[in-house]
Amino acid sequence: MSDLDECAVVLTAGYGSRLFPVTAVVQKSLMPILNYPVLHYVLADLVAAGVRDIAIVVDQGDRAIGEYVTGVPTAREELASRGWARKYQAIEAAHTELAAARFTLIEQDVSSGDYGTAVPASLAAEFVGDRCCFYSSGDDLLLAPVGGSNTADVAALRAAADGCAAAMQVARVPAERKDRYGMVELEARGSGWRLGSLTEKSSAARGSYANISRYYLTPEAFRTVCSIGRNPETGERMITDALVRLQQDSSVGVSIASGSYYDCGSVDGWHEANVAMHRFSRERPADCR
């Protein structure tokens, strides 16, 4: 796909309450995995896969994420004025990795009462227009296996939408953690997979694969996400409800991630991601992302 017919929407707004108290002052997607914020890995994977137009849905009034994706110009200017330009090189390297993409910031007022994973779609509707769209959480990490590639997982998600209204990416998780995730049952279809069922956060859920909040939506599917109402049990507008509707009306493709998945919005997941990334960087220091 070219940048003319696809884009990405990355979700970062929210309280990050599972990481309180630090996320009372630090946006959850800016929590560090080694010396990069977790958001950087999400964006870098999209850019490496050829996505050139990316919207980031941020908390109302947030400035830090915007500065990060533009290269933190205030830091560059301040360091240069003090004769410390060399100290900026690490930031410059990070920005270079993202520089091929255009970034649009869309603000979300999380105190408005309209909450849930489908709300950012409504806010980004004008940005997306009639394009296909990656729709991803900004605080989850995939860590590629040795010999593997996160870019390949992004491409596999895109490919899984072929012939479907949408596609979602899943990862295998231990049975004792099923109650932390939406669990997915798969149906074989030709050489690929389709969504069979999706159960939200229940230890009784069937299947071994967790929904990891990475989707690829056709224009039709994106409109369905935008129009989904509040879930009567949670009071939230949830993208998973839209996926169930799409699965009933047509089909939803499924891509199984080759990488290890870490939920960096939780304390355990964030610590595990740092330990895994540290080990990974020691084994492959020239290619730790």
>> Yes or no: the range 67-89 includes at least one residue that is open to solvent by less than 50 Å² (accessible area, probe 1.4 Å), touching a strand residue (DSSP E or B) at 6+ places or on another chain (Cβ under 8 Å) and within 12 Å of residue 10 (Cα to Cα).
In response: no
>> Out of everything in the range 209-233 that is among the small types (Gly, Ala, Ser) and over 22 Å from residue 159 (Cα atoms), what residue ends up being surrounded by the most Cβ atoms within 10 Å (Cβ to Cβ)?
In response: 227
> Which of (1) over 17 Å from residue 29 (Cα atoms); (2) surrounded by fewer than 20 Cβ atoms within 10 Å (Cβ to Cβ); (3) modelled with pLDDT of 95 or more; (4) in contact with a Leu (Cβ under 7 Å, 6 or more places away or on another chain) does residue 106 not meet, given it meets every other one?
Replying inline: (1)
>> Condition first: assigned to a helix (DSSP H, G or I), touching a residue at least 40 places away in the same chain (Cβ under 8 Å) and open to solvent by less than 10 Å² (accessible area, probe 1.4 Å). Can you find one or more residues in the range 5-14 that meet it?
In response: no
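If only one of 72, 154, 58 is closer than 30 Å to residue 275 by Cα and touching a Leu at 6+ places or on another chain (Cβ under 6 Å), which one is it?
On the way: 72 fails: touching a Leu at 6+ places or on another chain (Cβ under 6 Å); 154 fails: touching a Leu at 6+ places or on another chain (Cβ under 6 Å).
The unique qualifying residue is 58.
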> If residue 265 satisfies every condition in (1) touching a helix residue (DSSP H, G or I) at 6+ places or on another chain (Cβ under 8 Å); (2) without any contact (Cβ under 8 Å) to a residue 40 or more places away in the chain; (3) open to solvent by less than 60 Å² (accessible area, probe 1.4 Å) but one, which is the exception?
Replying inline: (2)
> Right, residue 175: buried (at least 21 other Cβ atoms within 10 Å of the Cβ) and not polar (S, T, N, Q) or not?
Replying inline: no
> What are the residues in the range 21-66 that are in a helix (DSSP H, G or I) and acidic (Asp, Glu), if any?
Replying inline: 45
>> Pairs please, first residue from the range 34-61 and closer than 17 Å to residue 127 by Cα and at pLDDT 95 or above, second anywhere and surrounded by fewer than 23 Cβ atoms within 10 Å (Cβ to Cβ) and acidic (Asp, Glu), Cβ atoms under 7 Å, 6+ apart in sequence or on different chains.
In response: 51/6; 52/3; 53/3; 58/107
> What is the residue count in the range 117-140 for residues that are in a loop (DSSP other than H, G, I, E, B), out of contact with any strand residue (DSSP E or B) (no Cβ under 9 Å at 6 or more places or on another chain) and surrounded by fewer than 18 Cβ atoms within 10 Å (Cβ to Cβ)?
Replying inline: 1
> Give me the pairs: first residue in the range 186-215 and at pLDDT 90 or above, second residue among the polar types (S, T, N, Q), beta-carbon distance under 6 Å, and six or more apart or on different chains, which are they?
Replying inline: 194/251; 195/247; 212/169; 213/137; 214/136; 214/169
> Restricting attention to the range 141-150, does a residue exist that is β-branched (Val, Ile, Thr) and surrounded by fewer than 14 Cβ atoms within 10 Å (Cβ to Cβ)?
Replying inline: yes
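The values are calculated or read from the model by the stated rules, or taken from the named source; none is laboratory data. Remember, predicted model here, so these are calculated numbers, not experimental data. A quick note on method: Cβ atoms are made from the backbone with ideal geometry, for glycine too, and the neighbour counts reach across all protein chains shown. Just the protein is used for accessible areas: all its heavy atoms, side chains included, with ligands, DNA and RNA removed. Shrake-Rupley method; radii C 1.70, N 1.55, O 1.52, S 1.80 Å.
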